[in-house]
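Enquirer: Can you read through this structure? Questions will come right after.
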Amino acid sequence: MSEENYNPTRVTLLAKLKKTENTEAWLEFESIYRGFILSLIVRMGINQEDAEDISQAVLTKVWQKIEDFEYNQNKGKFHNWLAAMTRNTVRDFFRTKKNFITGRDSVEYQEEYLSIEKQVLPDIENLAREEWVLHITNLAWDNIKDGIYETKQEVFKMVSREIPNKKIAQKLDISEASVRVYKAEVFEKMRTEINRLNEELG
């Protein structure tokens with residue numbers, strides 16, 4: 001990926017977001033972070049329909065509160081700020097929704113929320129860290145894959161599925177030495193891109 005094709009840095013993007021009329025910046029923000037927010041909510045054990053509603057509420061809160069976030073590379077990561085906002089939004093969502101549910105459904109809903117509140121929300125930072133690693137890895141692959149020819153892509157995909165080098169070589173009709181070389185090349189590109197994205201978006 002060439003320098004001129006890089007997305008704006010996180011600091012630049014957040015600066016743009018503080019100008020609420022900047023629609024392009026908000027669309028870019030959603031394309032980068034919506035998946036992370038949604039996967040984090042689903043990871044909490046919340047059903048897909050509610051997770052979609054909550055993720056939209058989180059994005060709305062970000063739009064309202066982005067000016068409260070001040071970037072400091074020596075302090076908390078931006079994805080941790082998002083995780084904290086997601087945690088608070090989950091709490092608000094359940095506490096509000098239970099007021100509109102009656103009878104047995106109300107009891108079951110309350111039990112679901114209490115389970116999440118006691119077992120999941122206190123561990124939100126660890127969950128966010130794990131989900132961020134997955135999210136940033138997927139972003140990195142999407143960014144670099146078009147610049148990697150097909151055989152190397154297949155090697156990387158098979159390695160990711162923990163298929164042994166020997167079987168990869170047989171499936172792709174290449175030598176094991178080539179598998180090792182291709183794997184090293186792609187992993188180095190991935191490492192570089194992941195580091196860049198963490199620096200810009202994390």
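The values are calculated or read from the model by the stated rules, or taken from the named source; none is laboratory data. Only a predicted model underlies this, so the values are computations on that prediction, with no experimental measurement involved. For neighbour counting, all protein chains shown are included, and Cβ atoms are generated from backbone atoms with ideal geometry for every residue, glycine included.
Enquirer: What about LEU14, is it modelled with pLDDT under 80, outside any loop (DSSP other than H, G, I, E, B) and either buried (at least 18 other Cβ atoms within 10 Å of the Cβ) or touching a His at 6+ places or on another chain (Cβ under 6 Å) (or both)? Can you show your working first?
Expert: Working: modelled with pLDDT under 80: yes; outside any loop (DSSP other than H, G, I, E, B): yes; either buried (at least 18 other Cβ atoms within 10 Å of the Cβ) or touching a His at 6+ places or on another chain (Cβ under 6 Å) (or both): yes.
In short, yes.
Enquirer: I've got another one for you. Determine which member of the set ASP105, ASP50, ASP123 is part of a helix (DSSP H, G or I), at pLDDT 80 or above and in the same structural domain as SER31 (by TED's automatic domain parsing). Explain how you work it out, then say what you get.
Expert: On the way: ASP105 fails: at pLDDT 80 or above; ASP123 fails: at pLDDT 80 or above.
Residue meeting the stated conditions: ASP50.
Enquirer: Residue under question is ASP142, and the condition is that it be modelled with pLDDT under 90 and either more than 19 Å from ARG91 (Cβ to Cβ) or in contact with a strand residue (DSSP E or B) (Cβ under 9 Å, 6 or more places away or on another chain) (or both); does it hold? Spell out how you get there, then give the answer.
Expert: Details: modelled with pLDDT under 90: no; either more than 19 Å from ARG91 (Cβ to Cβ) or in contact with a strand residue (DSSP E or B) (Cβ under 9 Å, 6 or more places away or on another chain) (or both): yes.
It is false that ASP142 is modelled with pLDDT under 90 and either more than 19 Å from ARG91 (Cβ to Cβ) or in contact with a strand residue (DSSP E or B) (Cβ under 9 Å, 6 or more places away or on another chain) (or both).
Enquirer: Determine which single condition ILE116 fails, assuming it passes every other condition in (1) assigned by TED's automatic domain parsing to the domain that holds GLU30; (2) closer than 30 Å to LEU17 by Cα; (3) of a type outside the set (Gly, Ala, Ser).
Expert: (2)
Enquirer: Here is a check on your reading of the model: is GLU131 closer than 30 Å to ASN80 by Cβ, modelled with pLDDT under 95, out of contact with any Asp or Glu (no Cβ under 9 Å at 6 or more places or on another chain) and in the same structural domain as MET44 (by TED's automatic domain parsing)?
Expert: Details: closer than 30 Å to ASN80 by Cβ: yes; modelled with pLDDT under 95: yes; out of contact with any Asp or Glu (no Cβ under 9 Å at 6 or more places or on another chain): yes; in the same structural domain as MET44 (by TED's automatic domain parsing): yes.
Yes; evaluated as a whole, the condition is true for this residue.
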